[in-house]
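All remarks here apply to the structure that follows.
Derivation of every value follows stated rules applied to the coordinates shown; laboratory data play no part. Since the structure is predicted, the reported quantities are computational estimates derived from the model, not experimental observations. Neighbour counts are summed over all protein chains in view; Cβ atoms, including those assigned to glycine, are modelled from backbone coordinates with ideal geometry.
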Amino acid sequence: MAAELYEKRVQVRALKFQGYPPSDPNHMNDVMAFVQVPISLDFRPVGIILRVIINSLLVLEVPVGDYVVKDVAGKLTHMTKEAFEAEYTKVIE
């Protein structure tokens, strides 16, 4: 029997980091409410980095334009804009 093609469909919640100061004044509040763990901003020569502090050994670093993704189990991950848009499509609720 030859190998067959399969597809996995998984719904996630995601938030695109807009930078600081964001065009939306509530963006940082939205970020904090979404991740529900401590965050900080790191101002580097390459740009602003959102640091999502999951624990003392795990910190997600999310550049402007990238996504923080939360799966159904609540696990947070960082995805580049390109990888996120290639893998997910927006669900209209």
How many angstrom lie between the C-alpha centres of region 9-58 and region 70-93?
-> 14
Packing-based ranking, highest mean first, of 20-27, 7-14, 55-62 given that Cβ atoms within 10 Å are counted | 55-62, 20-27, 7-14
Taking θ as phi - 60°, what are the ³J(HN,Hα) couplings along region 11-24 by the Karplus curve (6.51, -1.76, 1.60), each to the nearest whole Hz, with x for Gly and Pro?
-> 8, 9, 9, 9, 9, 8, 6, 9, x, 9, x, x, 5, 9
Using Cα positions and a limit of under 16 Å, work out the aspartates and glutamates in reach of LYS75, with same-chain residues fewer than 8 apart set aside.
-> GLU61
Sum of -39500 (n - 2.57) over DSSP H runs of 4+, divided by residues of the chain (222 nm, nearest 500) = -4500 deg cm²/dmol
(1) 96; (2) 113; (3) 160, with the label sought being that of the calculated volume of the Cα convex hull per residue in Å³ = (3)
Dipole magnitude (debye, nearest 20) for the chain, charges at Cβ of Lys, Arg, Asp, Glu = 180
